[in-house]
Amino acid sequence: MASKLEIASSCAPVSTRARDGDSCKLRACRPTQRGVRLGSKTQGCKRFSRSEFPPRCFHSHRQMTVKATSTTSATVESPITAPPNNPLGFRNQFWKWRGQTVRYQALNEEGTGPSVVLIHGLFVNCDHWRKNMQPLADAGYRVFAIDLLGCGYSSKPDPYGEEARKLSGENGRPLGAPEATLGTAGGGSRAAAVALAHPLGSCYNFYTWAEQVCDFSEQVVRPPDGRVALVSNSIGTITALQAAVDQPELVSGVLTVNPNFRELHTAETPSFAVPAIQWVQAQLRKYGQRVFDAAANPKTVKQILKEPYNVESAVTDELVDVLLTPLLTPGASTVVFDQLSYSAGPLPEQLLQDERLAAPVWVCWGEKDPWTPPKRVLALERYESVRELVTLPNVGHCPHDEAPDLVNPVIIDFLKTL
């Protein structure tokens, strides 16, 4: 399985910071009868309305096979066995993209309100957002959650095969290893060369996923106003930010729940340790299936999830099932080991500084997250693109699943500003 730094993935507010020029003030969360709500802004704070944002620049496993009608085509058949619905009854639908089949779920898709796409983190899938979709739909939003390529019940082509290479989002991009200013665990900054291309040429990279999200937004979501908001967790943050950089005219805003800084990236690893890490990665690709098979069982997965989840009561049999079952489908373990070898690609701070990023960014973070350095998260407020930083008490790496009653109001609050 993945390292402690990267496994269960994706997943977060006590105070909120709002940017107002160079000044920031704290906004406290205070308890109410329904849980926690954001308190009033302190004097001198404000949120940006859309008109105040900078001008946008332009660039261009189960036992039945599911068939579902997508919004863009006739019936699309799942390439693997999948349940017809998730545990809450949301219908699994499928969309054809670059010759691959992608699973997604949607609520209020016939509505006319603003559209939001939920993007999961590493090794999980769109069911990780099952506790968030209905509240957002009830608030009037058109809500979509997607399985990224290689994840959940989406297709899992051979990472290094010709089919996969042809659909890779790295194709045609000037990559290399540009120098970027990154954060440190202590909240400081440093310069580092950021290798962007997947070292093995795999299609499972952030550029592929960003293009998938953009195409999904245009072809399936088809927002009435032409724009979508992206809500992401963990390393899904990078997919969301890259999509916003690629198509700023499409993305109205990005909310990241517990961003991941990718500790196995070469830019995040001491140079002397890189050869050893690469050797371990190669051994896992060759011989890791036995380790995967030993760990891919409900008891072990539940124990693993109790590390990033501070709210252990949220680590239910249902959670284990929706995360583990897709990982037992054909090709899933190959994707897992490929991702553990993905020590390149864009990084959050790098993208937050990209001049093409026009969308306002909110950062939401669980204070008890054992995988995300607190000072590094808090230091994200220095970037002009970050308009608000929200911390949540007593939750870990996956606040949207651990404490949806805390996170859903923050998401709605964010969406109201767009």
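The values are calculated or read from the model by the stated rules, or taken from the named source; none is laboratory data. The structure displayed is predicted, hence computed values, not measured ones. A quick note on method: Cβ atoms are made from the backbone with ideal geometry, for glycine too, and the neighbour counts reach across all protein chains shown. Ligands, DNA and RNA are excluded from the accessible area calculation, which covers all protein heavy atoms including side chains. Shrake-Rupley method; radii C 1.70, N 1.55, O 1.52, S 1.80 Å.
Worth a mention:
- Of all residues making up region 294-310, the number that are part of a helix (DSSP H, G or I), under 13 Å from Trp371 (Cβ atoms) and open to solvent by less than 20 Å² (accessible area, probe 1.4 Å): 1
- Close pairs from region 225-250: first under 17 Å from Val386 (Cβ atoms), partner open to solvent by less than 10 Å² (accessible area, probe 1.4 Å) and among the aromatic types (Phe, Trp, Tyr), Cβ under 6 Å, at least 6 apart: Ile238/Phe206; Gln242/Phe206
Yes/no matrix, rows are residues, columns are (1) open to solvent by 10 Å² or more (accessible area, probe 1.4 Å); (2) part of a loop (DSSP other than H, G, I, E, B):
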| residue | (1), (2) |
| --- | --- |
| Val320 | no, no |
| Thr329 | no, yes |
| Ala344 | no, yes |
| Glu349 | no, no |
| Pro370 | yes, yes |
| Glu381 | yes, no |
| Val390 | no, no |
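- Matching option when the condition is touching a Phe, Trp or Tyr at 6+ places or on another chain (Cβ under 8 Å), open to solvent by 10 Å² or more (accessible area, probe 1.4 Å) and over 19 Å from Leu323 (Cα atoms), among Gln219, Gln247, Gln212: Gln219
- Qualifying residue in region 209-221 (condition: in a strand (DSSP E or B), more than 17 Å from the chain's Cα centre (by Cα) and not polar (S, T, N, Q)): no
- Scope region 267-279; condition loosely packed, with under 14 Cβ neighbours inside 10 Å and part of a helix (DSSP H, G or I); matching residues: Ser271, Phe272, Ala273, Val274, Pro275, Ala276, Trp279
- Screening Gly121 with (1) closer than 26 Å to Pro346 by Cβ; (2) small (Gly, Ala, Ser); (3) in contact with a strand residue (DSSP E or B) (Cβ under 8 Å, 6 or more places away or on another chain); (4) open to solvent by 10 Å² or more (accessible area, probe 1.4 Å) gives one miss only, at (4).
- Residue check for Gly176: out of contact with any Ser or Thr (no Cβ under 9 Å at 6 or more places or on another chain) and either open to solvent by less than 10 Å² (accessible area, probe 1.4 Å) or farther than 22 Å from Val220 by Cα (or both): yes
- Being assigned to a helix (DSSP H, G or I) and either farther than 29 Å from Ile412 by Cα or open to solvent by 20 Å² or more (accessible area, probe 1.4 Å) (or both) is not true of Glu263.
- Selection within region 358-390: residues that are modelled with pLDDT of 95 or more and of a type in the set (Val, Ile, Thr). The member of this set that is nearest to Gly183 (Cα to Cα) is Val377.
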